[in-house]
Amino acid sequence: MDDAFLEEFASNDKICKSMHMPIQSGSSEILKMMKRGYNKEWFLNRALKLRELVPNVSISTDIIVAFPGESDDDFKETIDVMRQVRFEQVFSFKYSSRPLTEAAEMTNTVDEEVASERLAYLQGFQNSITDEVTNALLGKTVEVFFEESRDGGFIAGRSDNNFLIKVYADASLLGTFAKVKIIKTGRMSQIGEIIA
């Protein structure tokens, strides 16, 4: 993700403005133990540069809590990255041992109760960010490519930055683009009305 890559992503109209950047942990020390090949500072630099170049970009990530050796301070580093980047979506999990990995041999495991508390806190924190992000869509107009029929007379599709949008409309619009005004927001999908 060098500058040339980010600039192409930003300027090329053929590229949807949604990026999955799996950080796994916000702690450089934990990332080193995971052998991820990058640190917190590099990740923040790239994510914030991406936000600067593409203000409407949607960034998703993967996070593992309670990797062996993760301290309270390490966990706070992860929350700090979430606070700064404000991911639109986070896929989050508790660490679980995998056979034949170096981590499986580590003995400094995190207590299960602590791991569960960290995951619950992280997911609650992300829900508050998601609510702010989606609530800000209310009244905005987005272009949607409609792909499927849904229950209740809806058709659904994705905006350029990967938000799932549903509208009450005829299935004849499937496979086409339309301008949609967002009239109701939610964590999983937005409801809109076609305006053009």
Cα-based helix-to-principal-axis angle, 112-135 vs the chain, degrees rounded to 10:
30 degrees
What is the Cα centroid distance between segment 132-194 and segment 108-126, reported in whole angstrom?
34 Å
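How much length is gained if the chain between Lys181 and Glu132 is pulled fully straight, taking 0.36 nm per residue apart and subtracting their Cα-Cα distance, in nm to one decimal?
The span from Lys181 to Glu132 would gain 15.9 nm if fully extended.
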Taking Cα atoms only, helix 72-85 is inclined relative to the longest principal axis of the chain by an angle, in degrees rounded to 10, of 20 degrees
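Can you give the relative contact order of the chain as a percent, counting alpha carbon pairs under 8 Å and 6+ residues apart? Don't skip to the answer; put the middle values down first.
Working: 330 pairs, mean separation 33.1, N = 196.
Relative contact order of the chain: 17 percent.
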Report, in whole Å, the centroid distance computed from the Cα atoms of segment 18-60 and segment 66-103.
12 Å
Check the straight Cα-Cα distances from Lys40 and name the lysines below 22 Å, setting aside those fewer than 8 residues away within the same chain.
Lys32, Lys49, Lys76, Lys94
Ranked output for segments 131-144, 91-104 by mean other Cβ atoms within 10 Å, highest leading, reads 131-144, 91-104
For the pair Asn12 and Thr141, the simple spin-label estimate (label points 7 Å beyond Cα toward Cβ) gives in nm 2.9 nm
Quick one: helix 40-53 against the long Cα principal axis of the chain, what's the angle to the nearest 10°, folded into 0 to 90?
10 degrees
What order, most packed first, do the peptides 27-36, 108-117 have when packing is the mean number of other Cβ atoms within 10 Å of each residue?
27-36, 108-117
Where the only charges are on Cβ atoms (+1 Lys, Arg; -1 Asp, Glu), what is the dipole of segment 1-76 about its Cα centre, to the nearest 20 debye?
140 debye
Straight-line reach from Lys166: which lysines fall under 16 Å, measuring Cα to Cα and dropping same-chain residues less than 8 apart?
Lys140, Lys179, Lys181, Lys184
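Sorted by average packing, counted as other Cβ atoms within 10 angstrom per residue and highest first, what order do 69-79, 159-169 take? Write down the numbers at each step before the final one.
Working: 69-79: 17.0, 159-169: 19.3.
The peptides rank, most packed first, as 159-169, 69-79.
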Gain in span if fully extended, Asn161 to Lys32, counting 0.36 nm per residue against the direct Cα distance:
43.3 nm
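Relative contact order, percent, of segment 1-99 when contacts are C-alpha pairs under 8 Å separated by at least 6 residues? Intermediate results must be reported in sequence, preceding the final value.
Numbers: 124 pairs, mean separation 32.9, N = 99.
Contact order relative to length: 33 percent.
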Relative to the Cα centre, what is the charge dipole magnitude of the chain, using +1 at the beta carbon of each Lys and Arg, -1 at the beta carbon of each Asp and Glu, and rounding to the nearest 20 debye?
600 debye
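Bear in mind these aren't lab numbers, they're just calculated from the coordinates by the rules spelled out. Here the structure is a predicted model, which is why all the values come from computation and not from measurement. Methodologically, a virtual Cβ is constructed for each residue, glycine included, from the backbone with ideal geometry; neighbour enumeration extends over all protein chains shown.
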